[in-house]
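**Q** Here it is: the structure, laid out below.
The values are calculated or read from the model by the stated rules, or taken from the named source; none is laboratory data. For clarity, every value in this text was computed on a predicted model and none was experimentally measured. All accessible areas refer to the heavy atoms of the entire protein, side chains included, with ligands and DNA or RNA removed. Shrake-Rupley method; radii C 1.70, N 1.55, O 1.52, S 1.80 Å.
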Amino acid sequence: MAVTADAVWADDAIRVFGRSLYPAALRMTGNAPDAEDLVQETFAKALAASGRFQPGTNLSAWLRRIMVNTFISGYRKRRDGPTFVTPDSISSQLLRAESHTMARPKTWWSGAC
């Protein structure tokens, strides 16, 4: 099996930049498995787009931009995706809203004073 230039580029990029991308991915996602997935997807997209990278420019910034865009795209997909509503989720939301309303202090802007 021949090793391509892209494979060498990817191997070097992962070794050099993987450690610096992971903490940022962890801050964005809030958990380790999602952060690992985000970094992996970032490198997969970077490898696919490696022909568009301009040598002599900031590779770290390019990878971070890909990672941020990947995170935002994933967030939008989850946000815009279908919402599943069950009777249990509705009743728990109603209970939370009711307890929040009952526990809310009387303030001048609520018209209760």
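**Q** Given the whole protein assembly as supplied and a 1.4 Å probe, what does the accessible area of residue 45 come to in Å², nearest 10?
**A** Near enough 90 Å² of accessible area.
**Q** Roughly how many Å is it from the Cα centre of the stretch 16-51 to that of the stretch 55-71, as a whole number?
**A** With the stretch 16-51 and the stretch 55-71 each reduced to a Cα centre, they are spaced 10 Å.
**Q** Determine the gain in length on full extension of the stretch residue 76-residue 60; use 0.36 nm per residue of separation and subtract their C-alpha separation, reporting nm with one decimal.
**A** Here the answer is 3.3 nm.
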